[in-house]
Amino acid sequence: MIFQSSATDAIKQRMRPLTKIHGVPDFMSLTQMRKEVRANVSAIHSSIGGGANGHLWLVETPAAFARISATPAVIPVHPGNLPVVPPGTTSHLAANIRDTHAFRLQQFNVADTVSKVTGAQIINALDEEFIAAEINQYSGQLQNDIPTTFANLFAEYGHVTPTFLDEKITELKNKAYDPAIPLANTYKAIDDIVELGDAANLPLTTAQQVVIVLEILKKTGRFSKYIATWNALPTADKTWPRMKTHFNKQPDLSTPLGKEDTKYIQSAIGYYLYHGRAIHYPMLPALNEIGTTQAKPTENSMKAVKQLLDYAATYPNPKIRFYASDMILYADSDAAYLVLPNAKSRIAGYFYLSNKQPPFPHKPNPPLNGAVWVECCTLPLTVAAAAEAETGGLFVNAVIETIMERVY
């Protein structure tokens, strides 16, 4: 009852009402409704399906969600009202079983609530005569899941002809791409065509989406290196989410620097890398990114270095404050997925000494303290999902923590 009264209200407050469709729905109005539904469910956190898209997996077919996330979504099922603890189970394992059951029950309850609230919003957004066939006469709720409901609505009111779909694809391919405009606009246009394909019952495959992007980029003559590294990837890694991140860094077309300027940049990075690791931690992400270009720096690299120097001059006296503690070593780990050139990710770790925590089931965060070490580096492997980047960061930071435990 606590979940129903508190969490349900919180979920409803975070989900905006859908735009009302007056009269007969069509492709455009249904597409707008689906976009609003996606925005709503994506705002409700879920660790399922990679953890980066909220509850988006609730409103997408498995094939459609695979175009969004490299991690498939496993739909949660009700784990039963009570945990099953076999006789003779140790207290430690019994506690783990209860924790796991509580987590899965909450996961199911949240997903079920998001689904029902979304279904009610869809019903309210359409005139009764156009949604009546999708409503269960006993419960008053949708009788199918949300992907099936949308499929039925599009089949009935939002049909698109194959000829119209072909015209839109040809129009996008022939459109000249301006490298000054973010690629996100092109990806959005392709996502819109995917919507058309679904409505025409001619869904576009990932390979077709990729071909469209490559044809557009080849015409510019500026993405040859990125296209070559893409073509070298294993077939299994050539997913639509990976495509979006692979080309997220625009090629640096500024003038390469000479030997003196190159030496200057490398010296600045070396000096401030020591300064950043010793006391001025906020500098480390910028140093990490500039460092990826120091072998062959360009004018853009020099601009980034000068901006870093301006920052250092603005904040010349950084401080670290340490507090007395029980000297228990803790580490916070994080990762930034595919933010560096050549589809690389950045990982970070914050190591500090703090107080001993109370026994289970109390799990408060330990009081934060000044760092004894801050790690910020490039993950050497190319990962396929944000969750894999986080896992890689945990591994690297765990190795560092093991070494530090031996030292301390």
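The values are calculated or read from the model by the stated rules, or taken from the named source; none is laboratory data. Computed from a predicted model, the values in this text were never measured in an experiment. Positions of Cβ are backbone-derived with ideal geometry, glycine not excepted, and every protein chain shown enters the neighbour counts. Heads up: the accessible areas ignore ligands, DNA and RNA and are worked out on the full protein's heavy atoms, side chains in. Shrake-Rupley method; radii C 1.70, N 1.55, O 1.52, S 1.80 Å.
A few notes on this one:
- Residue in the range 13-21 that is assigned to a loop (DSSP other than H, G, I, E, B), of a type in the set (Lys, Arg) and at pLDDT 90 or above present: yes
- Test: Pro86 is touching a helix residue (DSSP H, G or I) at 6+ places or on another chain (Cβ under 9 Å), farther than 22 Å from Asn40 by Cα, without any contact (Cβ under 8 Å) to a residue 40 or more places away in the chain and surrounded by fewer than 12 Cβ atoms within 10 Å (Cβ to Cβ): yes
- Count of residues meeting criterion [at pLDDT below 85 and closer than 30 Å to Arg222 by Cα] in the range 143-172: 0
- If you go through the range 300-318 and keep only what is in contact (Cβ under 8 Å) with a residue 40 or more places away in the chain and either open to solvent by 90 Å² or more (accessible area, probe 1.4 Å) or over 21 Å from Pro256 (Cβ atoms) (or both), you end up with just Ala312.
- Any helices (runs of 4 or more DSSP H) falling wholly within the range 194-258 and containing at least 1 residues that are more than 18 Å from Ala384 (Cα to Cα) and not basic (Lys, Arg): 206-218, 224-231
- Among the residues making up the range 40-70, those that are among the hydrophobic types (A, V, I, L, M, F, W, C), closer than 24 Å to Ala207 by Cβ and not in a loop (DSSP other than H, G, I, E, B) are Leu56, Trp57, Ala63, Ala64, Phe65, Ala66.
- One residue alone among Val372, Val339 is in a strand (DSSP E or B), open to solvent by 40 Å² or more (accessible area, probe 1.4 Å), within 17 Å of Tyr281 (Cβ to Cβ) and aliphatic (A, V, I, L, M), and that residue is Val372.
- Matching residues, the range 342-365, being surrounded by 15 or more Cβ atoms within 10 Å (Cβ to Cβ), of a type outside the set (Lys, Arg) and within 29 Å of Ala385 (Cβ to Cβ): Ala343, Ser345, Ile347, Ala348, Gly349, Tyr350, Phe351, Tyr352
- Options Ser224, Ser267: the member that is farther than 30 Å from Met28 by Cα, open to solvent by 30 Å² or more (accessible area, probe 1.4 Å), modelled with pLDDT of 85 or more and among the polar types (S, T, N, Q): Ser267
- Out of Asp166, Asp145, sole residue that is of a type in the set (D, E, K, R), free of Cβ contacts under 8 Å to residues at least 12 places away in the same chain, open to solvent by 80 Å² or more (accessible area, probe 1.4 Å) and on the phi < 0 side of the Ramachandran plot: Asp166
- Subset of the range 28-52 [under 18 Å from Asp198 (Cβ atoms), open to solvent by less than 50 Å² (accessible area, probe 1.4 Å) and not β-branched (Val, Ile, Thr)]: Ser29, Leu30, Met33, Arg34, Glu36
- Of the criteria (1) at pLDDT 90 or above; (2) surrounded by fewer than 14 Cβ atoms within 10 Å (Cβ to Cβ); (3) closer than 30 Å to Lys244 by Cα, which one Gln107 fails: (2)
- Ala94 modelled with pLDDT under 90, exposed (fewer than 12 other Cβ atoms within 10 Å of the Cβ) and among the hydrophobic types (A, V, I, L, M, F, W, C): no
- The set of residues from the range 66-82 being over 18 Å from Thr8 (Cα atoms) and either in contact with a Leu (Cβ under 7 Å, 6 or more places away or on another chain) or open to solvent by 40 Å² or more (accessible area, probe 1.4 Å) (or both) comprises Ala66, Ile68, Ala70, Thr71, Pro72, Val74, Ile75, Val77, Pro79, Asn81, Leu82.
- Every residue from the range 189-212 that is out of contact with any Phe, Trp or Tyr (no Cβ under 6 Å at 6 or more places or on another chain) and within 18 Å of Ala236 (Cβ to Cβ): Thr205, Ala207, Gln208, Val210, Val211
- Within the range 53-90, being of a type in the set (A, V, I, L, M), at pLDDT below 90 and touching a Ser or Thr at 6+ places or on another chain (Cβ under 7 Å) holds for one residue alone: Ala70.
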